[in-house]
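The values are calculated or read from the model by the stated rules, or taken from the named source; none is laboratory data. Just so we're clear, the structure is a prediction, and the values are computed from it rather than from any experiment. Note: ideal-geometry Cβ built from the backbone for every residue, glycine included; neighbour counts use all protein chains shown. For the accessible areas, the whole protein counts, side chains as well, though only heavy atoms, and no ligand, DNA or RNA atoms are used. Shrake-Rupley method; radii C 1.70, N 1.55, O 1.52, S 1.80 Å.
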Amino acid sequence: MVVSYRSAATIEDCLERLRACDGVGAIRVVDNQSDDGTLDIVQRQASLDPRLRFIANPDNPGFSVGCNQGAADLEPAADGDDWLAFVNPDCMVETDTLRRLHALGAGLGDCLLSADLVNEQGERDAAVRRRDPDFAAMLAGIARPWAAPKMAAAPDDALALQHVQATSGALMLMPRSLFARIGGFDEGYRLHAEDLDLCRRVREAGGAVAVANGVRVVHVRGVSSRSRPFFVEWNKHRGLWRYFRKFEAPRRGALVRAGVFAAIWLRFPIAALRAALR
């Protein structure tokens, strides 16, 4: 399952790799109104492989909606061993990536797995191993809105599977039955924090969230985000506020809720400016 938006720079390589990947029964691409030639590339790839079909949305309803659309369009696996892989168009899987993840996940039962994502220089992506957002720390740091919240957990390469609270939505593998049971992605998130939400609901449903430390995948980060830094940062902060309202706010008082709101939105203009300068 691939959701694309202005992904022409990477999606051909991504889809060619997925088509060559072991154990892939079907590929769905949901394009959210790309205007850079992405859909032409997807159409060409679809003409070469009957497993690949695409949905061309007339607008951009967001990542979560696209993931749910693609998952709903996939027929159940004939052998009943039905797993869904969500792969960003800038993730470059190897031939054995999904097979190795599946082999590790089969022993866990209900689980959500990711791989050790690295950039083109081999540097690890801190978003792969994360803790839940620490809103108490965010509130304590309200006087320092320029300080980014610390969510990353350190890699532990002694473990083949490292259990974490949350992982990156850039690459996720999970049983279809678990995805259906928790209701898929929350479509109230347009961009960012939907992966934190999904991981939390997997854990609340009794499933495991883990990273396969020995399965490495190159992630060319932020290709479609570079042209719209303010939009991306706005939705990051909006997503974090939605996450707080959904999971934390019901057990917090009015003053704490107001403080967290202020902590999130005071940081937005600084984060947006930094993103624009990058």
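Annotations for the structure displayed:
- Per residue of the chain, the DSSP helices (runs of n ≥ 4 H) give a summed -39500 (n - 2.57) that works out to -12000 deg cm²/dmol at 222 nm.
- Isotropic mean projected area of the C-alpha convex hull, the chain (nm²): 14.5
- Carbon and sulfur %, accessible surface of the chain computed with the full protein complex present, 1.4 Å: 54
- Checking every one of the GluC sites (Glu not before Pro) in segment 56-135 against DSSP loop status and a limit of 16 other Cβ atoms within 10 Å picks out 120, 123.
- Cα-based shape type of segment 149-278, given that a ≥ b ≥ c are square roots of the gyration tensor eigenvalues and the cut on a/c is 1.5: oblate
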